[in-house]
Amino acid sequence: MAADDDRPRRRLRAVGGSIRWRVTLAAVVVVGLALLAGAVGMITLLHRAEEDNVRTAARLRANEIAAVLETGQAPGTLAVDDDEEVLIQVLDASGKVVASSPNMAGRPPVADVRPGQARRIDETPIEDEASVVVARAARGPSGTFTVLVARTISDSSTEDVADLLRIGLPLLLVLVGFTTWWAVGRALIPTLGRLEESQARQRRFVGDASHELRSPLANIRQHAEVALAHPERADTAKLARTVLAEGTRMQRLVEDLLRLARADERTGPVRRALVDLDDVVFEVAADLRQSSALRIDTTAVSAGRVSGDQTELQRMVQNLAENAARHARATVGFVLREDPAGTTTLSVEDDGPGIAEADRQRIFER
């Protein structure tokens, strides 16, 4: 039985675990895609910025050489630093190389670029890396020249950032996954608790219904079977009265069960007002005097006012009174008092056999 009772709880936990995994996976995928898009965008911007810096540096160097040529100096060997990744060529009006940096001596033009333009090339005669070639026109006393300056695009900073992203992004996704797993787990704890409580209430309701309705249904069935087995001895009026009484009992049981279910779900309307509980007690006592031959004692009932739902309070007092009358021998007594602190106490007593010690906890069950 315990294993059967644990099945709904295990199913809820399985559902909670599935939700936890799905939410975590969704968070990792969404964050991963966002980070990937951001990383690609950042690397692209860094690469473009690096290329713009190289283009600017090549243009400045071309302007320096053009300024020298425009003063009338004849082009010759153009000096460059050993550690400078730059190629320089000076072309005459016919496109012939008339001067160059030492690393381009004897080589044809590095690229076909018009003055005022810049062009990216994948490799140069002495470098396998991408470069930017800038062309600048120079007009001087000795003629018109075109200055070509090529600089290598260094992606070292971009590659460093890419390496950091390759390491950092997976670690960040692991952190996102762990955080989401933890947060969803914490969020699901009260949710699953409420679901388990709701299922427990449903199981209690079904158990209460089956237990309470078993007796009147069995009684109706018994009388119906006797009437069918012995129709010549069947008392139709007696059978009708029995069915009507048991049907009324079943109706009241169903109403009580539904009231219990609404109370469990906390969906019933809560109406609170000041209620004179002594008036309720006197009314229930009067009904009990008419419906039974018992002695009903209300001499110990004093004034008592409480805050609550008058209908539910009346039902409570009526249930207590009916239970006492069912087990009493001759007398049912009501005691109602209010102490100076404002606490009102109601007791319903009878002179019956009392409750066995073994049942004193069970009577408070539903």
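The values are calculated or read from the model by the stated rules, or taken from the named source; none is laboratory data. In this text, all values refer to a predicted model and were calculated from it rather than measured experimentally. Here the Cβ is made from the backbone with ideal geometry for all residues, glycine too, and neighbour counts use every protein chain on show. Ligands, DNA and RNA are excluded from the accessible area calculation, which covers all protein heavy atoms including side chains. Shrake-Rupley method; radii C 1.70, N 1.55, O 1.52, S 1.80 Å.
Using 0.36 nm per residue and subtracting the Cα-Cα separation, the extra length available between GLN73 and LEU228 on full extension is 42.4 nm.
Counting Cα-Cα pairs of the range 84-133 in 10 Å increments starting at 0 gives whole-percent bin shares of 24, 60, 16.
Evaluated at q = 0.10, 0.21, 0.24 Å⁻¹, the base-10 log of the normalised Debye intensity for the range 95-196, with identical point scatterers placed on the Cα atoms, takes the values -0.53, -1.08, -1.23. FRET efficiency for the pair ALA187 and ARG166, taken as 1/(1 + (r/R0)^6) with r the Cβ-Cβ distance and R0 = 35 Å, rounds to 0.60.
Taking packing as the residue-averaged number of other Cβ atoms within 10 angstrom, the listed peptides 223-235, 53-65 run from highest to lowest as 53-65, 223-235. On a per residue basis, the range 326-366 carries 78 Å² of accessible surface, using protein heavy atoms and a 1.4 Å probe. Each peptide in 316-322, 275-281, 29-35 was scored by the mean count of other Cβ atoms within 10 Å over its residues; highest first, the order is 275-281, 316-322, 29-35. Against the criterion of solvent-accessible heavy-atom surface with a 1.4 angstrom probe, LEU148, LEU217, LEU165, LEU45 sort, most first, into LEU45, LEU217, LEU165, LEU148.
Dimensions of the range 282-337 along the principal axes, based on C-alpha atoms and rounded to the nearest Å, stand at 33, 21, 17, largest first.
One Cα centroid belongs to the range 279-319, the other to the range 223-242; the line between them spans 38 Å.
The heavy atoms of THR144 offer some 70 square angstrom of accessible surface to a 1.4 angstrom probe. If R0 is taken as 45 Å, the Cβ-Cβ distance between ALA245 and GLU338 corresponds to a FRET efficiency of 0.70. Based on the alpha-carbon gyration tensor of the range 208-350 and its eigenvalue square roots a ≥ b ≥ c, which shape applies: rounded if a/c is under 1.5, prolate if not and a/b is larger than b/c, or oblate? It comes out oblate by the Cα gyration axes.
Amide H contacts under 5 Å for ALA99: VAL90, restricted to partners 5 or more places along the chain or on a different chain, H placed in the peptide plane at 1.01 Å from N. Ranked by the mean number of other Cβ atoms within 10 Å per residue, highest first, peptides 335-345, 108-118 order as 108-118, 335-345. Carbon-plus-sulfur accessible fraction, the range 273-364 (probe radius 1.4 Å, protein heavy atoms only): 48%. Annotation: amide H-H contacts under 5 Å for ILE126 (H modelled 1.01 Å from N, sequence separation of 5 or more, or interchain): none.
Evaluated with a Cβ-only charge set (Lys, Arg +1; Asp, Glu -1), the range 208-366 carries a dipole of roughly 380 debye about its Cα centre, given to the nearest 20. Take the Cβ-Cβ distance between LEU33 and ALA105 as r, set R0 to 45 Å, and report the resulting FRET efficiency rounded to the nearest 0.05. Computed FRET efficiency for LEU33 and ALA105: 0.30. Once the Cα-Cα distance is subtracted from the 0.36 nm per residue extended length, the TRP21 to LEU274 segment shows a gain of 85.9 nm.
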